[in-house]
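A short worksheet on the structure shown next.
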Amino acid sequence: MLIISIICENVPNISIIIPLYNQAQFLTEAVRSIESQSFQNYEIIVIDDLSTDNAQEVIQQLKQQNDRIYNIQFAENQGPFLARTKGIVSARGKYVLFVDADDFLNSGTILQHAFDLAEDQSADIVHFNEKLLESSGESAFTWANPLNDSVQGKYFGLTQWIISGQGTALHGKLLLRNQLLRALVLIENNYQSIFTTKLYFCEDILLMTAFYVLQEKYVPLLEFGYTYTVRPNSLSKSSQQQYEKFIKRADNSLIVYQIIKQMLAGLDHEYQRNIHYQFFKYMKSFIQEIYKYFQNNAEKRAFICDKFINSNILMEEFQNKLKTELCEAIKQ
């Protein structure tokens with residue numbers, strides 16, 4: 001059961017949630033980008049998922065300089081879904097903004113503009129533009145306008161991700177906290193053990209899908225306000241560690257897609273087909289990645305791929321298509 005505990009004095013307008021795991025070296029830049037905003041009625045909630053680096057030292061230094069920073073440290077590693085959930089239920093703001101520890105806000109006015117727009121339009125979500133950076137610092141590309149350039153009503157965000165796969169990332173969006181809380185309840189209603197399940201992958205798709213089911217008004221903000229940084233995977237990981245990571249990712253994605261399938265079961269057939277097509281695209285891409293990484297280990301490839309083939313999550317049309325794709329991958 002979801003338990004909500006809120007301290008109601010000195011309530012900020014925006015709660016900025018930063019899940020943190022072994023990224024202490026980037027945290028200061030993320031926090032400084034928030035502190036430099038013209039909008040100052042915020043709180044920053046850092047959820048330390050039992051980092052093994054110097055995260056607590058960095059957080060304490062930042063807290064000494066800014067009393068709007070709050071530190072929550074887990075007693076054991078829980079994964080990003082439970083970290084974000086803890087942030088949501090601990091937040092006091094009317095709106096929530098998720099910022100990854102190695103990302104940053106790249107406009108000094110984005111919080112003010114997003115808040116003003118949300119208030120003016122009574123929006124559930126204000127979605128603004130983002131820049132994508134490689135770890136080298138070079139801009140890879142900038143994302144296009146967020147889904148649409150006009151105010152949209154109920155199910156717009158849901159329709160867009162079902163049809164195009166867009167809009168499932170949590171960053172770059174100012175979200176109404178009450179709707180996030182309702183989204184968590186909706187998820188729990190479809191998977192009762194969700195708050196004891198450690199999700200490390202696809203948790204953003206799960207949370208945003210539930211949010212979109214409840215979303216009443218989507219408002220775009222055509223301003224580049226967020227920089228998302230892509231960092232290469234550690235090359236020091238052993239083959240066994242990578243294998244275990246792939247297994248965890250496969251298991252997590254199947255849990256998430258099963259919940260989404262149940263949440264959206266009442267939609268019409270064409271919606272259902274598009275949902276399963278998005279599932280299929282993800283599984284196909286994942287299988288291709290597995291075959292590329294484990295080129296010389298058929299046993300490991302088969303073990304992970306069989307999870308998808310035997311899951312029976314997909315419609316028969318796409319389940320058969322996935323098997324065909326797998327056969328083609330084996331031949332290559």
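See the values below:
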item: When residues of segment 294-309 are limited to those that are crowded, with 16+ Cβ neighbours inside 10 Å and closer than 16 Å to Gln241 by Cα, the one nearest to the chain's Cα centre (by Cα); result: Ile304
item: Filter pass, Gln179 being free of Cβ contacts under 8 Å to residues at least 60 places away in the same chain and either more than 16 Å from the chain's Cα centre (by Cα) or surrounded by fewer than 18 Cβ atoms within 10 Å (Cβ to Cβ) (or both); result: no
item: Of the criteria (1) within 21 Å of Phe279 (Cβ to Cβ); (2) outside any helix (DSSP H, G or I), which one Thr229 fails; result: (1)
item: Meets criteria (surrounded by 18 or more Cβ atoms within 10 Å (Cβ to Cβ), of a type in the set (Ser, Thr, Tyr) and not assigned by TED's automatic domain parsing to the domain that holds Met263) for Tyr155; result: no
item: Strands (runs of 3 or more DSSP E) contained in segment 1-108 and holding at least 2 residues surrounded by fewer than 19 Cβ atoms within 10 Å (Cβ to Cβ) and touching a residue at least 12 places away in the same chain (Cβ under 8 Å); result: 69-73
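The values are calculated or read from the model by the stated rules, or taken from the named source; none is laboratory data. Given the structure is predicted, the values throughout are model-derived calculations rather than measurements. Note that we place each Cβ from the backbone using ideal geometry, even for glycine, and neighbour counts take in every protein chain shown.
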